[in-house]
Structure formats: structure tokens, C-alpha cells
Amino acid sequence: MFHHVLNISDFTKSDLDYILSVAGNIAKNPARYREVAKGKILATLFFEPSTRTRLSFESAMLRLGGGVIGFSDMSASATAKGETMEDTSRTVSCYCDVMSVRHPVPFSPHKMSAVATVPVINAGDGANEHPTQTITDLVTISQRFKRLHNLTIGLCGDLKYGRTVHSLIKMLSRYKGNRFILISPDALKMPREIIDMLDGENINYETTESLDDAIPALDILYMTRVQRERFDDKSEYERLKDFYILDREKLSLAKRDMIVLHPLPRVDEISTDVDTDERAWYFKQAQYGVYARMALIISLLGLKDLMGDDTLYIKPVSDYGKKIPNVS
Ligand code: CP
């Protein structure tokens, strides 16, 4: 029996507490973990472009003493010759101990997990979810605020296609006292199913088009890129791409202890003059992404957290078998 990381909602609070605690231990002393995964192999199967997710996964495994294999371009894999993703999954299972998969089509990692014989980690599936980005975001927030509750969080930009905000709001809405301000133009608003979830669970949220109006109340401003690759109509992308630009002038409206997060890559939505402001946390966030993924690998492979509980962690983080959606 092995387990996968496919949907952020598969994580219980205690799963998450465990991951955050291991990631925190790693952040304190990364060198202690350098041989924990010796002899283990991670495969990174990226059917869609990535810098942070793929390289932070690879960095995480190398920093744990393991090895990495994989491809970063669909055209460099047998997919280009017509191999199905299921056969790729069956095959790569023979070569590694864990695989992380990014794919432009929603639920592809789920399908691959159904036939894999090693754990599969969803590294982003189309506009659906990006659970390890959310773990990264939560590690960052918990390191900065020492809590995940009683926070006012502004999610700004492409809330329609931005898979990172879909996963993040699902997770942060589980914590008491959090309030969300959804900042987007109407054409990029949060999908109906997320709004229904917020309504159904009585979560405190409001929607606005105005970043200027929202920013003074925020503890966290989570900026997102308008996802060009998800638009069929390129003129609509052109119309929306610069709807929000966070610059120093806008940042001056924010609290001194607010932080700015962004899953990156950014295009123009955060001006580079913000980078030197102490509230700009998006590159620290990228660093915490390595610790988050180290903690996930430790958890999935049942390795030891050297600074905390010294027992093997065998609790599943995701019971994949019951959750494969019906997709064509
Ligand atoms: N945050 C994120 O997913 O970045 P990449 O697309 O570079 O992996």
C-alpha cells in the first residue's frame, strides 16, 4: 500500500501539521537531512513548463541525498511517439521510488496514479490544483506569522484559472477566523464551486475589483499571474493581463507587517521596485518550497524526521484510490 498527493483536500489537519513541523525542522537545519533519502530516486515528469516546481523537487531530493531522473518537455518523452500517460506511469514506476507529475490536462496525475506502483505527486494539473504549491505557501505563512488562523488574505488577479489560489483557499478556509478578499475583474473571478464551498461552510469572504480598496486590511496579499496559456481568446488575455500591477505606490497603502506572496513566475503584476521592500516574501516562498517538498518526500517515503519524532511516518497523506474523478 502506498499513497499519493493529488488534491490538497486529501490532507487532514494533522497531516498538514506533520508536514509543517518537518519543513520547519528542515528550515532550522537542512544539513542534518542530507543523507535521509540515500538510494532513493525521484522522477520528475513535466509535460508542461516549470522552473520552481520541477527544480525545487529535484533540489529537495538531492538535498536529501537521493537521485533524480525525468524530463521537462513532453516532446523529449515517448509521449511524442504516442505513448499514453498510463503507460508512461507504469514504466517510470519501475525506475523510481516517487514521481512528481505536471500536466496541462486536469486530473492527469490522478489517472497516472491509478496505475503507478510508486507514490505520485500532483505538481500542477491544468487549471485544477497545485497542492505542493499550497504546502509551500502554508509553510511560508506559518514561518512568518507562526499561525494559519485569524488572518486576512487577499487573493488577487486570475482567480479563475490560477490553480494555486484554488488549492490555497480550500486549505486556509479550514482555519478559524480567516477572512478572504477575492480581488479580480469579473472575467477572472473565482470558480462557482469554490464560492459554493465558501458559502456552504460559512467562510468570511468578500469580492472586489479594487486592489486599492482591499489592500489596507490585508495580512497577506497573494498575487497571481494572468494565465495566458489558459486563454483561447488572446485578445481577452491582452485586455486583462495588466489589470493589477502592484508597485511601491500601491504597497504604501498596505500595513507594515503585511507580506506579499506570489507562486511565481510573475510577468508584470508585481513591479520589480517592490522586490527590495521587506514585505516582498515571494522569493523566500520559493526557498520554503524546497523545505516543503523535502518534508513531503520524507513523509511519502516513510523516512525519518531527524529533529522531531524519530519514528517512521507511515500515515497516508492521500488515499488516492477512492478519489479518481470520472474524466475522459
Ligand atoms: N509556482 C510554480 O508552479 O512555478 P513553476 O511554474 O515555475 O513551477
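No lab work stands behind these numbers, since they all come straight from the coordinates. Predicted, not measured: the structure shown is a model, and the values here were computed from it. Using ideal geometry, Cβ is built from the backbone for each residue, glycine included, and neighbour counts are taken over all protein chains shown.
For residue 241, the aspartates and glutamates whose Cα comes closer than 17 Å to its Cα, not counting residues fewer than 8 places off in the same chain, are 158, 186, 209, 229, 232, 233, 268, 269. Pairs of lysine residues in segment 124-215 that meet both criteria, 8 or more places apart or on different chains and Cα atoms under 16 Å apart, total 4. D by Stokes-Einstein for segment 194-314, Kirkwood Rh over Cα pairs, 4 °C, 1.567 mPa s: 74 µm²/s. Each peptide among 197-207, 212-222 gets the average number of other Cβ atoms lying within 10 Å of its residues, and from highest to lowest they stand as 212-222, 197-207. Output the 0 to 90 degree angle, nearest 10, between the alpha-carbon long axis of helix 13-28 and the longest principal axis computed from the alpha carbons of the chain. Once rounded, one gets 90 degrees. Full extension of the segment from residue 208 to residue 55, taken as 0.36 nm per residue of separation minus the current Cα-Cα distance, would add 51.6 nm. In this structure the amide hydrogen of residue 205, modeled in the peptide plane, comes within under 5 Å of the amide hydrogens of 180, none closer than 5 places in sequence on its chain. Of all lysines in the structure, the ones whose alpha carbon falls short of 24 Å from that of residue 81, not counting any fewer than 8 places away in one chain, are 111.
Between 0 and 90 degrees, the angle of helix 282-300 with respect to the longest Cα principal axis of the chain falls at about 30 degrees. Taking the alpha carbon gyration tensor of the chain, multiplying each eigenvalue by 5 and rooting it gives semi-axes of 31, 23, 18 Å, largest first. Considering only 26, 57, 7, the residue lying farthest towards the positive end of the dipole of segment 1-113 is 26, judged by Cα position with unit charges set on Cβ. For the chain, the longest principal axis of the alpha carbon atoms and the long axis of helix 131-145 meet at an angle near 60°. When you count the other C-beta atoms within 10 angstrom of each residue and take the mean per peptide, 229-235, 262-268 line up highest first as 262-268, 229-235. Diffusion coefficient (Stokes-Einstein, Kirkwood radius over C-alpha pairs, 4 °C, 1.567 mPa s) for segment 63-148: 90 µm²/s, rounded to a whole number.
What is the packing order of peptides 179-189, 57-67, 145-155, taking the mean over residues of other C-beta atoms within 10 Å and listing the highest first? Each step should come with its number before you reach the end.
Values: 179-189: 19.5, 57-67: 21.3, 145-155: 16.7.
By packing density, highest mean first, the sequence is 57-67, 179-189, 145-155.
Within segment 204-240, find all residues whose amide N lies under 17 Å from a label point positioned 7 Å from the Cα of residue 249 along Cα-to-beta-carbon. Of the residues in segment 204-240, 210-216 have backbone N under 17 Å from the label point off residue 249.
Using equal-weight Cα scatterers in the Debye expression, the normalised intensity of segment 106-220 in log10 at q = 0.10 Å⁻¹ is -0.32.
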